[in-house]
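Let me begin by presenting the structure, written as structure tokens, before commenting on it.
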């Protein structure tokens, strides 16, 4: 037997026990006639002591081991003289009577400590060593707990987890599909799913009623924005429901996760329409950990001869409370911020509400004190506040101000990782105009149902049609999204038509689904949560990479195993393909 | 709201309630002034009644609906006059006051009943309709329960579920890898994992200690033998353990599944060495639901001048108890059976132990009654028994007799699907000789540890080296297998050498793993269960296809979605490949 106990479980109640432990050497040190070794495993750290007086040979062996050796020791649990009350095992140590080196270790390329000296590339190459560090391992333990709790919650509500295929069919929408040549069917390819969308809808047609799956999905696309070519979704679908049922069930899921994984009692999740989110925050995923809502100023500022405002479609601003004392330098920084290419504004106007009650703006040439009072009233400012205003095309200026608002949130410490502000965003547009292709695209996907009241607009004002689509947003990040689906062949055909599919293309790609709708399809809808993102938010991390055991880098490469890589010509020939390089 | 209750929950205690239900029309019938509709959902069937006297228009609508229409009805729960006590809802019916057709249905191409008239191909094409049938849906519900129970059991033992990558690296051992061209890395390919083997070993090096994953794996190979290109494993690994720990933990898993999913208390799982399994059953996966163990007869039958036996390496037989009365025709059938190309024997000898105590064999010319008494003694026959004997090359004749034994088990009804006989088979050979390539192959995989006592034999008698490898067998089917792994770089290199890898090849393919072994790898081992197979055995099914929601056919095709299929040249060009057809 390799161990009687783990390195995390022995304490003062175990004094006198003869035990066997195994683990890794965290560190060792010599003090007079004694050698101390901290031995680590997944469960904790236990101190070992070796005494020359007892057994000089044993101590000599102990002095040979160094960091990350795997050892197995037998000894007696004794009380420590110098206790460490910060860890559960800190009141005891093991007086070692026998030791075996199970495996020696080369010096690791970086420190296996909570704070390491290893750079990103090195830690990716030696991912198996990085995974030894507590913070990294804890992320994966958290992920495991979240998956378990998700399954427990959904199973308790009669959801059935069904595995859908990984080898599916490529679609023309799937410009970013990964494809897989078939040896048995030369010249033909499978595709890896970007989501199990059509399969979960077919399960509803089959009467499964409540489906879920924690499932890998795949997208061969630009990875810069903290994406991974393979990612995990909590994928769900329900039949005989309306939007309200979905919102209730999955608000319940998020609350259960917060309660059972983080011990946080989440308040009821507020709801906001897409239109309001855009108007008040300039974003369909507003960070509602803080207020600072947009105030539109067209009625207040236009017509006094300031051309920037007069020519703008929209003048809109935020009140940065308590920032009236911002220095010239700080204000210049903000102006630089909005002028960055990623933000794209041409300039920023401000108005201080000074502590003495006076108002002072960067456009005093055009607006006198009386006019600025109207600004102040619009923002409801108090002495000490600072108003920041942008102007331009409505769509663009909202996005720019949204960036500025988040920047101010950061500067004011309003975006605490331990505060959680979830939000439902409802009534998304069904379609969005794509400049590049000169046609409408489905904002969610082609299976999303328009709101019945808006169907008539499809022919006249397609951009105004609202969908039965919803996103859950957490702290400014979209963590999940879904919709009520179309379950009628006629409406589905109409949607494909509006999305620019010819009837033949629609039939070739999605004929099976449309045919299924003719054999008794119930009303249904669903949602999918980005599991990696959700875990990273729960862990307080900035990147999803840190909650994935073996992530790929920004080039889609796993540098540890050196993948992707070339394969030999014989293998290619068997698959009836060759490279064109 | 679409429903207040499901179709499976209303009963005599709900009399008088106003309810709303939704579901599919199972069938409808007219009787005098009444129309009866059976409405079905995942939870059950509820009878609806429509009465002309109450509402002629409503009844007229009810008469319009036919099989598989999706409807929603409102009405009152009343007591049935003619009760059906076989179903939980059989004492009540709904007196309908309002009905809505949510979706009409075309006539399905086959009956949606427990017994259907649809052939395999039709049911595969309309899989979403086949999934509506109770037996098919129940298989997937069973699968869900088994996955939930597996996770509950392993989570309770501190196992952590870790997702390993699906896009990995192709290996030369991986002649049957599916590969995935990388758009971002032109000319390079990922491979889909045949198992997460190396990743789970790296997790042990990382100190994860107890890992599991219910995970999709992939193999591009001949599918005739009830295989699927994508299949699911319960994949597990443990560190600081010995074989005994693995056997105990996973015997516990199987017992928990039997107990919690099927309500069966499984006895302790017996153990048998590979050598004994081959000697007693001619198979490394013996069906131990019945005895009929092999008896070797060389000492008994040789030397009396019967050339077939004298020239054979091994003469071996079984006692088919109670079969002495087999007719000439039945015996001829058995002879034909063993002569089939799949079995490959040249003939079969028998010996009846007649009810009157006499012995009568098919080789009476060579063996007199006294000699046959020795046969009888060897098999311990009683009056009424029938001995069946084959002779030939030891390896081959054992396999042939194994087939005959299973055939006799079938004929005698000894292989009941509701009887469960699990078995551990231990001490597999490390290597097996491959005639085709003229070298040894790893019987399990290249990471399996030889038994320490046998390492010395690697150079002299490689075929005799036993591995720390084990299979779990259930009713003659291998349901899981695993091994203690090599955790030492030197031993791993030696293994690769014996498997015919050059040092360069070994380094190129598995350098990352061997390097990991140098940074403190603990002793570890694991096991993987074939989840599809396990579910099919629990469900009493012959094929794994029936426990998979959307299986592929024998050509690896999903005929429902028409996959795999051709993709357009633009997509191929972006991936820097083209087909060679």
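Before moving on, here are some points about what is shown:
- Residue match in the range B:93-103 (condition: at the interface with chain A (Cβ under 7 Å from one of its Cβ atoms) and within 30 Å of residue B:53 (Cα to Cα)): yes
- For the range A:151-181, a residue qualifies if it is under 14 Å from residue B:558 (Cβ atoms), at pLDDT 95 or above and touching a strand residue (DSSP E or B) at 6+ places or on another chain (Cβ under 6 Å), and the qualifying residues are A:166, A:167, A:168, A:180.
- Residue B:267 being closer than 28 Å to residue A:215 by Cβ and either more than 7 Å from chain A (Cβ to nearest Cβ) or out of contact with any helix residue (DSSP H, G or I) (no Cβ under 6 Å at 6 or more places or on another chain) (or both): no
- Of the strands (runs of 3 or more DSSP E) entirely within the range B:176-253, those holding at least 2 residues that are at the interface with another protein chain (Cβ under 7 Å from one of its Cβ atoms) occupy B:179-181, B:189-191, B:230-239.
- Residues located in the range B:151-168, provided they are facing another protein chain (nearest Cβ under 7 Å) and without any contact (Cβ under 8 Å) to a residue 40 or more places away in the chain: B:155, B:165, B:167, B:168
- Here is the figure for the range B:310-346: residues that are surrounded by 17 or more Cβ atoms within 10 Å (Cβ to Cβ) and farther than 19 Å from residue B:409 by Cα total 3.
- Residue list for the range A:52-78, filter: within 19 Å of residue A:41 (Cβ to Cβ) and surrounded by 15 or more Cβ atoms within 10 Å (Cβ to Cβ): A:62, A:65, A:67, A:68, A:69, A:70, A:71, A:72, A:73, A:74, A:75, A:77
- Against the test of being in contact with a strand residue (DSSP E or B) (Cβ under 9 Å, 6 or more places away or on another chain), at pLDDT 95 or above and in the same structural domain as residue B:144 (by TED's automatic domain parsing), the options B:280, B:253, B:297 yield a single qualifying residue, B:253.
- Residue in the range A:401-417 that is in contact with a strand residue (DSSP E or B) (Cβ under 8 Å, 6 or more places away or on another chain) and farther than 14 Å from residue A:291 by Cα present: no
- The one condition in (1) within 7 Å of chain B (Cβ to nearest Cβ); (2) under 30 Å from residue B:579 (Cβ atoms) that residue A:572 fails to fulfil: (1)
Quick grid of which residues meet (1) touching a residue at least 40 places away in the same chain (Cβ under 8 Å); (2) facing another protein chain (nearest Cβ under 10 Å); (3) surrounded by fewer than 24 Cβ atoms within 10 Å (Cβ to Cβ):
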position: B:494; (1), (2), (3): no, no, yes
position: B:508; (1), (2), (3): no, yes, yes
position: B:534; (1), (2), (3): yes, no, no
position: B:566; (1), (2), (3): no, yes, yes
position: B:576; (1), (2), (3): yes, yes, yes
position: B:581; (1), (2), (3): no, yes, yes
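- Verdict on residue B:556 being at positive phi and either buried (at least 22 other Cβ atoms within 10 Å of the Cβ) or free of Cβ contacts under 8 Å to residues at least 60 places away in the same chain (or both): yes
- Answer from A:286, A:307, A:270 - the residue that is under 29 Å from the mean Cα position of the chain (by Cα) and surrounded by fewer than 16 Cβ atoms within 10 Å (Cβ to Cβ): A:270
- Applying the set (1) within 23 Å of residue A:322 (Cβ to Cβ); (2) in contact (Cβ under 8 Å) with a residue 24 or more places away in the chain to residue A:358 leaves exactly one unmet item: (2).
- Answer from B:72, B:76 - the residue that is under 21 Å from residue B:4 (Cβ atoms), touching a residue at least 60 places away in the same chain (Cβ under 8 Å) and within 14 Å of chain A (Cβ to nearest Cβ): B:72
- In the condition set (1) facing chain B (nearest Cβ under 8 Å); (2) surrounded by fewer than 21 Cβ atoms within 10 Å (Cβ to Cβ), residue A:135 is compliant with all but (1).
- Extreme residue, nearest to the other protein chains (Cβ to nearest Cβ), among residues of the range B:31-46 that are part of a loop (DSSP other than H, G, I, E, B) and touching a residue at least 12 places away in the same chain (Cβ under 8 Å): B:42
Yes/no per residue for (1) at pLDDT 95 or above; (2) buried (at least 19 other Cβ atoms within 10 Å of the Cβ); (3) in a strand (DSSP E or B):
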site: B:4; (1), (2), (3): yes, no, no
site: B:9; (1), (2), (3): yes, no, no
site: B:22; (1), (2), (3): yes, yes, yes
site: B:29; (1), (2), (3): no, no, yes
site: B:48; (1), (2), (3): yes, yes, yes
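- Just so you know, in the range B:545-556 the residues that are more than 7 Å from chain A (Cβ to nearest Cβ) and in contact with a helix residue (DSSP H, G or I) (Cβ under 9 Å, 6 or more places away or on another chain) include one that is nearest to residue B:535 (Cα to Cα), and it is B:547.
- When the range B:230-250 is filtered for residues that are within 30 Å of residue A:180 (Cβ to Cβ) and either at pLDDT below 95 or under 20 Å from the mean Cα position of the chain (by Cα) (or both), the ones remaining, listed by number, are B:230, B:231, B:232, B:233, B:234, B:235, B:236.
The values are calculated or read from the model by the stated rules, or taken from the named source; none is laboratory data. In this text, all values refer to a predicted model and were calculated from it rather than measured experimentally. Cβ coordinates were reconstructed from backbone atoms using ideal geometry, including for glycine residues, and neighbour counts include every protein chain displayed.
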